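The values are calculated or read from the model by the stated rules, or taken from the named source; none is laboratory data. None of the values given here were measured: they were computed from a predicted structure. So basically every Cβ, Gly included, is an ideal-geometry build from the backbone, and we count neighbours across all protein chains shown.
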């Protein structure tokens, strides 16, 4: 499971049409070497939390960091977190607002009886993604 983050991050970059992540590694120790990776994606740098014994492990640990922040959030990630905690699946409600010639959509997501709202978006899909990306929503569903 820990070795999936690097490829997931690459898939995310490809879907969002942004540059692939770049990795810079820091090495510590002359004999028993330890590695720590920094990942840059979409101009934002994330650093791995700890030193690892192999470069591969360090890169995967570094790639995991954007997933624990809100850079990568989608409906399936939220659903996975909710299922892992044994909660009822999230329920989305999307309302159309604005004039007919320029509609906007506002979505809410309900998890365990609590509603989380995010700003409006131009498409229904984006509004649902915005609701999913609510940091408190992800955090609270994960902490349960």
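Residue-by-condition table, conditions (1) assigned to a loop (DSSP other than H, G, I, E, B); (2) modelled with pLDDT of 85 or more; (3) exposed (fewer than 13 other Cβ atoms within 10 Å of the Cβ):
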{"position": "7", "(1), (2), (3)": "no, yes, yes"}
{"position": "10", "(1), (2), (3)": "no, yes, no"}
{"position": "19", "(1), (2), (3)": "yes, yes, yes"}
{"position": "23", "(1), (2), (3)": "no, yes, no"}
{"position": "37", "(1), (2), (3)": "no, yes, no"}
{"position": "46", "(1), (2), (3)": "no, yes, no"}
{"position": "49", "(1), (2), (3)": "yes, yes, yes"}
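Taking (1) under 23 Å from residue 129 (Cβ atoms); (2) in a helix (DSSP H, G or I) in turn, residue 58 satisfies each apart from (1). Among the residues making up region 97-133, those that are more than 22 Å from residue 76 (Cβ to Cβ) and loosely packed, with under 12 Cβ neighbours inside 10 Å are 97, 99, 100, 101, 102.
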